[in-house]
Each structure stands twice: as C-alpha cells, then as structure tokens.
1. Please report the antiparallel percentage of the DSSP beta bridges confined to the range 78-174, to the nearest 5.
2. Going by average Cβ density within 10 Å per residue, which order do the peptides 261-273, 41-53 take, highest to lowest?
3. Which order results if 185, 471 are arranged by neighbouring Cβ count within 10 Å, fewest first?
4. Compute the Cα gyration tensor for the range 78-174, then decide on rounded, prolate or oblate, letting a ≥ b ≥ c be the square roots of its eigenvalues: rounded whenever a/c is under 1.5, prolate when a/b is larger than b/c in the other cases, and oblate in all that remain.
5. Nearest 5 percent is fine: what portion of the DSSP beta bridges confined to the range 95-235 is antiparallel?
6. Mind checking Rg over Rh on the range 182-437, alpha carbons, Kirkwood formula for Rh?
7. If packing is taken as the mean number of other Cβ atoms within 10 Å per residue, what is the order of 392-401, 211-220, 187-196, highest first?
8. Between residue 246 and residue 129, 0.36 nm times their residue separation minus their Cα-Cα distance comes to what?
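What follows is calculated from the coordinates using simple rules that are stated; it is not laboratory data. Quick caveat: nothing in here was measured; it's all calculated off a predicted structure. Please note: Cβ atoms are built from the backbone with ideal geometry, for glycine as well, and neighbour counts cover all protein chains shown.
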C-alpha cells in the first residue's frame, strides 16, 4: 500500500478502518423489532377502549360527586343527611301530579330533581308518580286535594305535603322517625311561660313551634285541677312561676320525680314561689344573683347576657358548636348525691362572675361593665355553670332531668339568638329518649345568585364558542411552526 506524506514530507501510516459506532448494534436490534404503524394504532385504540370501559365501570359502581357551588345549593344540609341516616327502612314518596301544571309547567320534573338530593344519600327512597286526573280513585282514596301533593310513608306512618323545600321535607322525615308518640307537657296556672303562647315572654313562636314540627304533642298541665302528672307525659317542662304553687301541687310534682318522670326545669333568677322543695329533692343549690359575662360586651351585647360557646361532652351537646345566649342567667350548684349522675351542659363567663347586686338602669360612661363591676367580697368569679343534666336508674328505667338557670333563652324574644332553639330541641330529644334524633337544625343558605346582563352573557358565549377554540388553534399552529423550523 503506498505511503501518504504529511505536509512536512514525513511518511504517514495509513488510517485504520473506522470502528463501528457503539449504538449501531442497538439500532439494528430496534430495526428488527420495529412495530408496524397499523398494529401500533390498533393497540392504541384497544388501550383507549379498555381505559374508557374501566372508567365507565367505575362510574357505574362508585358514585363520587362534589358540590362546588358557593352555598352548596346542590347538596343537603348536614342535619338533613343525619336525619336520613336515622331512617333504618325504606321510604316511599307518592307524588300525585299531572304531567303538566298550568302555573308551574313540568311539576314532576321539579319534584324529581329536588328529591334526587335525598335519594343520593338514601338509596332506598322510592319515588312513585300518580296522575290524579287519570287515576281519580287512587287520588280520592289518598284524600288528595292539590296537584303536586305528596304522601311520605315510613315505618307504617305517613304524612301529606303540599309544599316542597328542604326544611319541610326533612322535618317531615324527622317526625316519621319518632319511634312513638311523644307528649311534652308544661306546668300552667301560675303565670308560667307557655309552650304554645305567642307573647314575648312565652316559648311558643319558635321553640314550641319547632317541637310540634318535629312530632311532639304539646299540652298544658294545671296541677290544681289534675289529680297527678299524666303517665303519658314524656317530658314535663317547668318554667318560672309568677305566683306561689300550693303545697298540694308541689307534692304532685315530687311524686312525679319519685316515679322517674323526665323533667326540663327552666329556672330564672327570681323567687322560686314554692319550688324550693323541688330543688331540695334534686339536691340543687340556687344561689342569688345573675351572671356577668365580659365576653358578651365584646360582642356588643349586654354584660348580663351569658354566652355559651364551648360545651362539655354529653349526648345533648354532641357535635354542637353553635353560640348560645342566656339573658340574666343564674348559677347552678349541687350537692354530691350517689343516686344522681351530674353532667355540666353549659359553662359560661370564664372571665366573668356572679353579682349579688343586679344592675339597675343603664351603664355609665358608655362602659357596659361600669354599672356592675366585680366585687371580690361579695361576687363569685367564673366560670359559672348555667345548665346541667341529671340522670339515675329508678323503677327499672333511666330518669333524665335537665335544669337550666334561665328560661328567657327559649322565649319568643330571645330564642332566635344563635343556637338557642337547637340546644333546647337537643334537650327535649334527650329527655324523651330520642337522642338518636339529636341534630342541628337547618340553616338558611346564603343568597349568592349571580345576575348577568344580556351583553355580559353574549360576551361570555362568544368567548367560549369562538375565543377559546381560536386560542387553542393558535397554540397548535405555533407549536407546528416551531417544530418545522427546528
């Protein structure tokens, strides 16, 4: 082989044959296993169909929904969901409605869409539609009066509804969930607050109405006329008398307690008018004075209001987190008695006290506490117990009693504050042995409707129908152009 010379005239050895590239063997292997494009597309389609089939199966057998609306308008309140959990058996809702209503249109669709919220949480709610014009005999037998009227049936009991909203439907289910008829009686004849009264002093407008709405029967009891407290009374409510009870009436009350009767005693910071013997029977001490709570003044409320915000654990206060307000509450104390179990329900005024000198007139100098400052010689520092529960086993049954050092918190004037009515309902449910129905009451949803003008709606429509597709097309063209130049 002839020699080659470098530029400087020296001979140079011939160049060796180039070595094969390290990746050539791998490339050859890849070429051998090259997949046909048609087969590759077929595999992709099969994988896509398989994934779609799996997603469809999961969607059919595993229902997952999320309500992202601001006020959860497409979901039930937690209290409604809790009521549905208490219904152990199926619920049948029969709707007597024509296919079209002159005023509401497709009334069946309105009812079906609303009740689907309940069916989402309870799958055994059966919805049946009957046309009252075509099946007049069925409508007449069910005593149907209005187009769209519903009959809700559960556990052999039924109720008619002529209006439909969450408050009404849930309250109806709650009434049907009661295991038996419950009668709540209230002591009357001495100027007490009435459970069905409408005066500001009474308890009927909110608390009494809620009791009836939830399936309790209400009745008054005048012990000057009745021989004894009736045996069918599930709960006896005693509020502040304005006149003295006769000794014979108090004897009947004490016999009711001795028999194991359940009692809700709302005792105000006033003279007991003969109920001193009842306090002795229960070993409860009721010192004079009212509670002063600085936390109330921080909320721009009178210092004589006691605010409940945290509650010791008990069936009545389970998952209860609403603020309650007790105007002019009194302190509750008790003697330890092995026969009774004592449970604190509401403890207030952690930074407050019990004043032995109730304030008179208006606070001075704009300071709500200036009219009743703390007197370390006569006042009792907080925290103060203002509500308690007692229970014991007697006559082969459990007796339950709740004592609250305030009756005004359930009055028509103050029951609307915070969770007052909710707490009162929980107390009665527990006293009546219906603690499985203890639940917070429904709350009004926030109004968060978005009102848009025709121009705004047109602009949004154009943006989604034209703007968004054009933007995506522009992004695609830009990426194609960049790849073509590369």
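1. Around 65 percent antiparallel, to the nearest 5.
2. 261-273, 41-53
3. Ranked by crowding around the Cβ, least crowded first: 471, 185.
4. Prolate is the answer for the range 78-174, as a/c is 1.5 or above and a/b outweighs b/c.
5. 45
6. With Rg and the Kirkwood Rh in hand, the quotient comes to 0.95.
7. The peptides rank, most packed first, as 187-196, 211-220, 392-401.
8. 36.3 nm
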